[in-house]
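Visitor: Could you have a look at this structure, given as structure tokens, before my questions?
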Amino acid sequence: MLEEERKYDVEAGFTLPDLAAVVPDGIRVVRMPPVTLAASYLDTADLRLARAGVSLRHRKGDELPWTVKLPADSPGVRHEISRPGRPKSPPAELVGLVTAYSRGAELRPAVLVRTVRQAYELRDGADRVLAEIADDAVQVRDGKQVRSTFREIEVERKEGGPELLDVLESALTAAGARAGNFVPKHVRALGPAAEATPDLVPPGELPARPSAGDVVTAAVRRGVGRLLGHDPLVRLRAPVGDDDTAVHQMRVGCRRLRSDLRTFGPLVRKAWAKPLRDELKWLAGILGLARDAEVLRARLSRTAAADPLAPLDAAAVRRIDAVLVARHEAALAAVDEALGSQRYRDLVEALVDATRAPQLTDRADAPADKVLPRLVARPWHRLTDGDDEVDGAADLDPAAPDERWHAVRINGKRARYAVDAVAGVLGGDAAKLAKALAKVQDLLGEHQDAAVAAQTWLGIAEQEPGDHAVAVTAGRLAERERAAVRTARTAFPAAWRRASGKRRTAWLR
């Protein structure tokens, strides 16, 4: 679940304002009985979790005493996952969730925090809890010894809207509370070492006149961050937005990073980049099986419902879906096994090292605008012109087999990733080309998904030769998919002309 909090520093003598006087009409303030919370936080010897904004704690008295909190995209918003377990034995699931941050290092008690909490719930007429205000007196303890104390106010959003938190913030700051950066209790308790730079280095801002190496470094950091940031969400089977999954995003992270290392090949040391690319290929392959099953299940639902005037046999569709469910579960089990392996932990270690100091060649010192266009031109010309094995996009035969279209799609993906990697620096026509290539890639992706789906539906029917209803339904599904293939092929030439026009590609030299 997502937890959204705001924290406020207050002096020991701070007095809460009259909350009932500031909340909107229809909301009442309920004072809860005070509670004492004792939480023990685990971390590595060098505080890798705390420095990354992550926590793993055991809190005595909670129904689910073990909790992991992971950073989300917005300040003050965190993923919170709680599980049962004995005080000295963190659940293996939660230990796995922090692998991308701990990198398999030993987790041990780092700090003990005792909090006396006076909470106030804001409830509406239906008795829903809209928000909670917690007035916390905190002791940082070393056994029975109190090492330090502080007081803070937490405002947590429950079923209410963000505007209610804004109202409460105005009242608290008017009373003398200080809003600042979101600093979790255990980080504050651990002191400056817990607020040091995390091991995973973010991309940061490029200089006004970046070198090619600056762009490579930013691309590597961006790719690693995307990959590892989705690791816990893959383990949790968590969705990403309304129409996406963590498996998809983690796989994209692998593939983009592999592509960037390939595009920027002359700028990075081969002996450093090749092992990374090999291991990313391994991981992307395992994630790919799970992603393929996701895509097929979503496509089955969409294709089956495509023509309400010609409905398909619902029971037969469910039997087809049951086959896909089994494939999906097996693929996810393989993902879990991979993410729990020493091979994966070694890859995480190598990726984190890559964000600190990617190994660049002397050519990377040259200005980005002098070097990058030539590097991007190589995958671009491979896409446009093809070679002995793969057609060029401009010469793609509308009647060619699906495999030839798929080969162009692979080259298109590489070209798109290459243009994406430099568009933010080169801007202008590069950014326009990136946008146009995305549309081309969407068409080629739809073509491939439809072609694979058609084969899949017919393949499932062949596995059950005695199920007449499945055979008929699979045949009808396959016809709809082939219609989608034809639609994509018809739309492709116009999309390609827009992408390949000289005003978008003249910078590729």
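The values are calculated or read from the model by the stated rules, or taken from the named source; none is laboratory data. Here the structure is a predicted model, which is why all the values come from computation and not from measurement. All Cβ positions, even for glycine, are placed from backbone atoms using ideal geometry, and neighbour counts span all protein chains on display. Heavy atoms of the whole protein, side chains included, go into the accessibility calculation; ligands, DNA and RNA do not. Shrake-Rupley method; radii C 1.70, N 1.55, O 1.52, S 1.80 Å.
Visitor: Any idea which of Ala126, Ala137 is more than 33 Å from the chain's Cα centre (by Cα), without any contact (Cβ under 8 Å) to a residue 60 or more places away in the chain and over 15 Å from Ala39 (Cβ atoms)?
Guide: Only one candidate qualifies: Ala126.
Visitor: Hey, which of the strands (runs of 3 or more DSSP E) in region 35-140, taking only ones fully inside, have at least 2 residues that are within 18 Å of Leu190 (Cα to Cα)?
Guide: Qualifying strands (runs of 3 or more DSSP E): 35-43, 55-60, 66-71, 108-123.
Visitor: Just one of the numbered conditions (1) under 25 Å from the mean Cα position of the chain (by Cα); (2) open to solvent by 20 Å² or more (accessible area, probe 1.4 Å); (3) not acidic (Asp, Glu) is not true of Leu227; which one?
Guide: Here Leu227 clears every test but (2).
Visitor: Please go through region 5-39 and give me each residue that is open to solvent by less than 50 Å² (accessible area, probe 1.4 Å) and closer than 22 Å to Phe182 by Cα, ordered by number.
Guide: Hits for region 5-39 are Glu5, Lys7, Tyr8, Val10, Phe14, Leu16, Pro17, Leu37, Ala38, Ala39.
Visitor: Scan Ala488, Ala495, Ala400, Ala506 and give me the residue that is within 17 Å of Val376 (Cα to Cα) and hydrophobic (A, V, I, L, M, F, W, C). It would help to see each step written out before you state the result.
Guide: Details: Ala488 fails: within 17 Å of Val376 (Cα to Cα); Ala495 fails: within 17 Å of Val376 (Cα to Cα); Ala400 fails: within 17 Å of Val376 (Cα to Cα).
Testing whether each residue is within 17 Å of Val376 (Cα to Cα) and hydrophobic (A, V, I, L, M, F, W, C) leaves just Ala506.
Visitor: Against the definition (under 30 Å from the mean Cα position of the chain (by Cα), open to solvent by 60 Å² or more (accessible area, probe 1.4 Å), over 27 Å from Leu227 (Cβ atoms) and not charged (D, E, K, R)), how does Ala305 come out, yes or no?
Guide: For Ala305, the condition - under 30 Å from the mean Cα position of the chain (by Cα), open to solvent by 60 Å² or more (accessible area, probe 1.4 Å), over 27 Å from Leu227 (Cβ atoms) and not charged (D, E, K, R) - is met.
Visitor: If you go through region 382-405, how many residues are of a type in the set (A, V, I, L, M, F, W, C), closer than 21 Å to Lys502 by Cβ and open to solvent by 30 Å² or more (accessible area, probe 1.4 Å)?
Guide: Final tally of qualifying residues: 1.
Visitor: Then there's this: Across region 273-302, which residue is nearest to Leu477 (Cα to Cα) among those that are among the basic types (Lys, Arg) and open to solvent by 60 Å² or more (accessible area, probe 1.4 Å)?
Guide: By that ranking, first place goes to Arg302.
Visitor: Can you confirm whether region 397-410 contains a residue that is within 22 Å of Val216 (Cβ to Cβ), in contact (Cβ under 8 Å) with a residue 12 or more places away in the chain and touching a helix residue (DSSP H, G or I) at 6+ places or on another chain (Cβ under 8 Å)? Give the derivation first.
Guide: First, the residues of region 397-410 that are within 22 Å of Val216 (Cβ to Cβ): none.
No, region 397-410 contains no residue that is within 22 Å of Val216 (Cβ to Cβ), in contact (Cβ under 8 Å) with a residue 12 or more places away in the chain and touching a helix residue (DSSP H, G or I) at 6+ places or on another chain (Cβ under 8 Å).
Visitor: From the residues in region 67-79 that are within 10 Å of Glu4 (Cα to Cα) and not hydrophobic (A, V, I, L, M, F, W, C), which one is most open to solvent (accessible area, probe 1.4 Å)?
Guide: Selected residue: Pro75.
Visitor: In region 51-94, what residues are more than 25 Å from Glu337 (Cα to Cα) and of a type in the set (S, T, N, Q)?
Guide: Ser74
Visitor: Have a look at Val440, Val422, Val485 and point out the one that is within 25 Å of Ala310 (Cβ to Cβ) and in contact (Cβ under 8 Å) with a residue 40 or more places away in the chain.
Guide: Exactly one of Val440, Val422, Val485 is within 25 Å of Ala310 (Cβ to Cβ) and in contact (Cβ under 8 Å) with a residue 40 or more places away in the chain, namely Val485.
Visitor: Among the listed residues Ala469, Ala454, Ala461, Ala431, which satisfies the condition of being small (Gly, Ala, Ser), open to solvent by less than 10 Å² (accessible area, probe 1.4 Å) and part of a helix (DSSP H, G or I)? So that I can check it myself, show each step before the final result.
Guide: Details: Ala469 fails: open to solvent by less than 10 Å² (accessible area, probe 1.4 Å); Ala461 fails: open to solvent by less than 10 Å² (accessible area, probe 1.4 Å); Ala431 fails: open to solvent by less than 10 Å² (accessible area, probe 1.4 Å).
Being small (Gly, Ala, Ser), open to solvent by less than 10 Å² (accessible area, probe 1.4 Å) and part of a helix (DSSP H, G or I) holds for just one of Ala469, Ala454, Ala461, Ala431, which is Ala454.
Visitor: So Phe182 ticks every box in (1) free of Cβ contacts under 8 Å to residues at least 60 places away in the same chain; (2) on the phi < 0 side of the Ramachandran plot but one. Which box is left unticked?
Guide: (1)
So that you can scan it fast, the table gives a plain yes or no per residue for (1) open to solvent by less than 40 Å² (accessible area, probe 1.4 Å); (2) within 26 Å of Asp135 (Cα to Cα); (3) at pLDDT 90 or above; (4) within 29 Å of the chain's Cα centre (by Cα):
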site	(1), (2), (3), (4)
Arg157	no, yes, yes, yes
Glu163	no, yes, yes, yes
Thr173	no, yes, yes, no
Asn181	no, yes, no, yes
Lys185	yes, yes, yes, yes
Arg188	no, yes, yes, yes
Asp199	yes, no, yes, yes
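Visitor: Which of the residues belonging to region 322-371 are surrounded by 13 or more Cβ atoms within 10 Å (Cβ to Cβ), out of contact with any strand residue (DSSP E or B) (no Cβ under 9 Å at 6 or more places or on another chain) and acidic (Asp, Glu)?
Guide: Scanning region 322-371 gives Asp336, Asp346, Glu349, Asp353, Asp369.
Visitor: Given (1) free of Cβ contacts under 8 Å to residues at least 24 places away in the same chain; (2) surrounded by fewer than 19 Cβ atoms within 10 Å (Cβ to Cβ), identify the lone condition not met by Arg117.
Guide: The single condition Arg117 does not satisfy is (1).
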